[in-house]
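Presented below is the structure to which this report refers.
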Amino acid sequence: MTSTQQRAALQRQIWQIANDVRGSVDGWDFKQYVLGTLFYRFISENFANYIEGGDESITYAALDDSVVTDDIKDDAIKTKGYFIYPSQLFENIAKTANKNESLNTDLANIFGEIENSANGYASEDDIKGLFADFDTTSNRLGSTVKDKNQRLAAVLKGVAGLDFGNFEDNHIDLFGDAYEFLISNYAANAGKSGGEFFTPQQVSKLIALLAINGQEQVNKVYDPAVGSGSLLMKARKHMDPHRIQDGYFGQEINHTTYNLARMNMFLHNINYDKFNIQLGNTLTDPHFLDDKPFDAIVSNPPYSVKWIGSEDPTLINDERFAPAGVLAPKSKADFAFVLHALNYLSSKGRAAIVCFPGIFYRGGAEQKIRKYLVDNNYVETVVSLAPNLFFGTSIAVNILVLSKHKRDTTTQFIDASELFKKETNNNYLTDEHIEQIIKVFETKEDAEHFAKSVPYEQVAENDYNLSVSSYVELKDTREVIDITEINAELKTTVAKINQLRADIDAIVAEIEGTTPNGISIAGGEPK
């Protein structure tokens, strides 16, 4: 089965699951049940494969729970980070789901036991609360236990029917595709809150390639607004995981999304000791102070979100913001995220950050921050993208690439606003578009109407404006007019008009019975 066929089959099956519970669970809430069930299936199969160790004579799902010794359990938790008894495996629960009158409470107990299995171990914080948003007792599933069980069974059976073999052998990112498909169908109804933390896969790919470009090896990949973790996973996909030494780090303020990000790590078979996802406000309660700096930073922070800013007098002395001498406006925290990323960036690394375009030309504090960034030669490239690439917004965003190891003092501007393919209600970046951007990013060569490297002095003279349109001339798509040819055509046209007028005068004179000279042709002497 090709990747295209897999994707189509996956979407058909997920939509069928949606139809089975439609009318009782809101679409945006429903995704929690599908993704939670996908996660449950994955960790069950992953754990069974680990216990079996490739021994075809062992089928963990068929064993009795009593055969599990304390030593087996202890070793498994130390390695995998959690433990699942044979009776608790997704495979066994899904088999009897339709007949299980206590399915909802059984699932709640299983999820609780999986999380609690990590208590007292190094993986405790990574496992705790993973199933918190999979509320099997919620009235959203139905008003009666029977209704809840019917809908839960439908989800379990549907996910069990995703026949793609081993998850790790798939040609596609099963979790990512399921997530993107659900958001593309539900984000419009959910509004901004539904899509604000999701970066489409092709944009994620571009961001990741910009951040890891030219680096043979990176210590860690970090996302200060990690969302569901898609950007971290794209960096992993496009860089040999063995070249990422110490794993993946991220912080997320939304609890539900924080859980999705942790699930995403496991779903990509990243062990608990190779990722660290923390919950909290990155700007006011930053984590990983002992883990920085990072060689690769990727991020799509919320656009123009409010923050405490100058209301907290201690922030101006924070090492992240102090060097700029000014805080980002309270109503627009965009540059606070940028300065945070810069502070966490290593001397050899790059940060690629999705930014709202207004921060590149507005005055006030934002202009002062741009001045700090440009004067200190941290801005490597600004890329303007096409509008309508993201779910939930039509904004034509920019990508800001920061670096602390630039070879010169020029700033590169890339106008990729015309690079898109129309697909359903959104635009789409193709692989060819991404290759075109990355190629010019690597070479830093100027390309008419597409890319230009601008000297520091020119940017400074332009009030530190970093808008791409200020430096890359738009292609004139107006039709070229040949004036000489137009004049010749006009001359011919005028002659034809004069001749036509003369012909009309002759016809009128004939009708009135006179010649054009006033001589009557109806008889009698001329007057």
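Evaluated at q = 0.09, 0.13 Å⁻¹, a Debye calculation over the C-alpha positions of the stretch 304-455 (equal weights, vacuum) places log10 I(q)/I(0) at -0.31, -0.64.
Ranking 449, 433, 59 by how far each Cα lies toward the positive end of the dipole of the chain (charges on Cβ) leaves 449 at the top.
Over 26 Å between Cα atoms: which of 78/99; 406/439; 237/330; 157/205 fall into that group?
Listed pairs above 26 Å: 78/99; 237/330; 157/205.
Report the Cα centroid-to-centroid distance between the stretch 320-390 and the stretch 494-508 in angstrom, as an integer. About 69 Å separates the Cα centre of the stretch 320-390 from the one of the stretch 494-508. Surface listing: 372, 33 arranged by accessible area from highest to lowest gives 372, 33, probe 1.4 Å. For residue 332, a cut-off of 13 angstrom between C-alpha atoms picks up these aspartates and glutamates, skipping any fewer than 8 places away in its own chain: 366. As I understand it, the dipole of the chain uses +1 on the Cβ of Lys and Arg and -1 on the Cβ of Asp and Glu, about the Cα centre. Which of 36, 267, 486 lies farthest toward its positive end? Of 36, 267, 486, it is 486. Once mean projected area of the Cα convex hull in nm² is calculated for the structure shown, the corresponding label among (i) 28.9; (ii) 21.8; (iii) 40.3 turns out to be (iii).
Rolling a 1.4 angstrom probe over the protein heavy atoms, how many square angstrom per residue are accessible across the stretch 370-508?
On the way: 8360 Å² over 139 residues.
About 60 Å² of surface per residue is accessible.
When you count the other C-beta atoms within 10 angstrom of each residue and take the mean per peptide, 412-421, 99-108 line up highest first as 412-421, 99-108.
Can you tell me the order of 264-275, 438-449, 378-389 when each peptide is scored by its average per-residue count of other Cβ atoms within 10 angstrom, highest first?
378-389, 264-275, 438-449
Ligands, DNA and RNA left out, the accessible area of the stretch 195-470 computed with a 1.4 Å probe is 46% carbon and sulfur. Listed by chain and number, the aspartates and glutamates placed with their C-alpha closer than 18 angstrom to that of residue 371 are 319, 334, 380, 408, 457, 461, 463; residues fewer than eight positions away on the same chain are left out. With contributions of -39500 (n - 2.57) from each DSSP H run of at least four residues, the per-residue ellipticity at 222 nm computed over the chain stands at -13500 deg cm²/dmol. Judged by the gyration tensor of its Cα atoms, with axes a ≥ b ≥ c, the stretch 195-470 is rounded; a/c sits under the 1.5 cut. Highest average first, the peptides 486-492, 137-143 ordered by how many other beta carbon atoms sit within 10 Å of their residues are 137-143, 486-492.
Please list 430, 96 in order of solvent-accessible area, largest first, computed with a 1.4 Å probe with all protein chains present.
Heavy-atom accessible area, descending, gives 96, 430.
Magnitude of the Cβ-charge dipole of the stretch 195-470, K/R +1 and D/E -1, about the Cα centre, nearest 20 debye? Don't skip to the end; give the middle numbers.
Working: 27 positive and 33 negative charges, 60 e Å.
Taking the Cα centre of the stretch 195-470 as origin, the dipole is about 280 debye.
The values are calculated or read from the model by the stated rules, or taken from the named source; none is laboratory data. Keep in mind that this is a model prediction, so the values were computed, not measured. Note that each Cβ is placed from the backbone with ideal geometry, even for glycine, and that neighbours are counted across all protein chains shown. Note: areas computed on protein heavy atoms with side chains; ligands, DNA, RNA excluded. Shrake-Rupley method; radii C 1.70, N 1.55, O 1.52, S 1.80 Å.
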